[in-house]
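The values are calculated or read from the model by the stated rules, or taken from the named source; none is laboratory data. Remember, it's a predicted structure, so these values are computed and weren't measured experimentally. Cβ placement follows ideal geometry from the backbone for every residue including glycine, while neighbour counts extend to all protein chains displayed. The accessibility values were calculated without ligands, DNA or RNA, using every heavy atom of the protein model including side chains. Shrake-Rupley method; radii C 1.70, N 1.55, O 1.52, S 1.80 Å.
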Amino acid sequence: MKKIGVLFGMEQTFPPALVEKINSMQVPGITAEAVKVGGVKMAVPSDYAVIVDRISHDIPFYRGMLKNAVLTGTHVINNPFWWSADDKFFNYALAEKLGVAAPPTVLLPHKQHPPNTTDQSHRNLMFPLNWDEIFAYVGWPAFLKPFDGGGWKDVYKVHDAHEFFQAYDKTRDLCMTLQRGVEFKEYFRCYVVGQEHVHIMQYDPRAPHHERYVKNAPPVDPKLLDRVRKDALTLCRALGYDLNTVEFAVEDGVPYAIDFMNPAPDADVHSVGQENFDWIVKHVAELAVKKAQSTTPPLTELRWAAFLNGPATSSAAASHSSNGAKAGKAPSKKAASKSTKAVAK
């Protein structure tokens, strides 16, 4: 019997619904349950063929356990090695490389020294920064937000230099980014599952949390939706995430990728609504079962250096990674050419 485990924290609706859905599928030889774990012995396999991770970003013990599980043959949704290394600023730069629209963004030094550091630790840092150059590049209005944060924590909308410095003074020792604000007409939040299925939801980040998923939304240009779907897949395939949400703010018909580092995205029925909830439960359940049935070992090596050469090799690397190909095998020129065409469409 192969077990699928769901690792979660304070969530009340998605984890039990996912377990129930998998078990209701009655796939021979496969069962699902909430993960149970104690002390983890090094290099000893876990009891699970697949683990759906919803909480390790908050619990270092769980992150260490999941890395050990991948090492010993468990498929983890999402890959804990890349999740540990990822950050939002890198994602914006990657989007630029892949031809996906992203607003101008600058990485900023910490306002206060991080713990156990002094001004001597920052002797390579320019001081003062050329703020005029930074503001001219980004433009106004802009958003000041953590380079690896989430949940709209420590996010400030600023309209000029005065407001920026007032907000920057509040950021403590966080590493922040400054990003041009997109004056959007439409805004989409997309579930992406298995680097294959995309569920586009109209979303209003300005509304109260429980009202952000728009009900009875007006129709949208199909060409815009096609581009949103394509860009969402491009990003998730490059990053290697099997479960993610990608957010787009649309200005003058251009969908700008605003946030796409959400490997444990909100899936609570009370916030996303029943229709969206049913979709995500169904598709994650099917993905977990598919991975449990797979005879291919989990991918343990991702060749991120390929990103440095731009869209063609990035797409080829993403395909190479998602197919679990052997490390070190370079894509053919023909494959790279196809990847370039796929990105350019």
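Table for the structure above
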read-out: Karplus-derived HN-Hα couplings along the range 25-33 (A = 6.51, B = -1.76, C = 1.60, θ = phi - 60°), whole Hz, x at Gly and Pro; value: 5, 6, 7, x, x, 10, 9, 10, 6
read-out: Accessible area in the full protein assembly, largest first, 1.4 Å probe, for 122, 283, 270, 113; value: 270, 113, 122, 283
read-out: Note, ³J(HN,Hα) from phi for the range 278-284, Karplus 6.51, -1.76, 1.60, rounded to Hz, x at Gly and Pro; value: 4, 5, 5, 4, 4, 6, 5
read-out: Max mean-square fluctuation residue, GNM over the chain, Cα-Cα springs under 10 Å, options 240, 194, 38; value: 38
read-out: Positive-end extreme of charge dipole, the range 1-139 - chosen from 30, 135, 55 (charges on Cβ); value: 30
read-out: For the range 226-281: rounded, prolate or oblate by the Cα gyration tensor [a/c cutoff 1.5]; value: oblate
read-out: Phi-based couplings in Hz for the range 230-246 (Karplus 6.51, -1.76, 1.60; Gly and Pro marked x); value: 4, 5, 4, 5, 4, 5, 5, 5, 5, 7, x, 7, 8, 9, 6, 10, 10
read-out: Mean residue ellipticity (222 nm) of the chain, computed from DSSP H runs ≥ 4 via -39,500 (n - 2.57), nearest 500; value: -10500 deg cm²/dmol
read-out: In the range 99-186, chymotrypsin sites (Phe, Trp or Tyr not before Pro) in a DSSP loop with at most 15 other beta-carbon atoms within 10 Å; value: 152
read-out: Mean accessible surface per residue for the chain, computed with a 1.4 Å probe while every protein chain stays in place, in Å²; value: 52
read-out: Inter-label distance for residue 295 and residue 113, nm, one decimal - labels placed 7 Å from Cα along Cα-to-Cβ; value: 5.9
read-out: The chain: equivalent-ellipsoid semi-axes (sqrt of 5 x gyration tensor eigenvalues, Cα, Å); value: 33, 24, 23
read-out: Residue 201 accessible area, 1.4 Å probe, all protein chains in place, Å² to nearest 10; value: 10
read-out: Rg ratio (alpha-carbon, reference 2.2 N^0.38 Å) - the range 124-222; value: 1.35
read-out: Neighbour count of at most 14 Cβ within 10 Å plus DSSP loop: longest GluC sites (Glu not before Pro)-free window in the chain; value: 1-182
read-out: Electrostatic dipole magnitude of the chain [Cβ: Lys, Arg +1; Asp, Glu -1; Cα centre; debye, to 20]; value: 1440
read-out: Cα-based convex hull volume of the range 28-101 per residue, rounded to whole Å³; value: 135
read-out: Nonlocal amide H pairs with residue 101, under 5 Å, H built at 1.01 Å; value: 257
read-out: Solvent-accessible area, 1.4 Å probe, carbon plus sulfur percent, for the range 83-237; value: 52
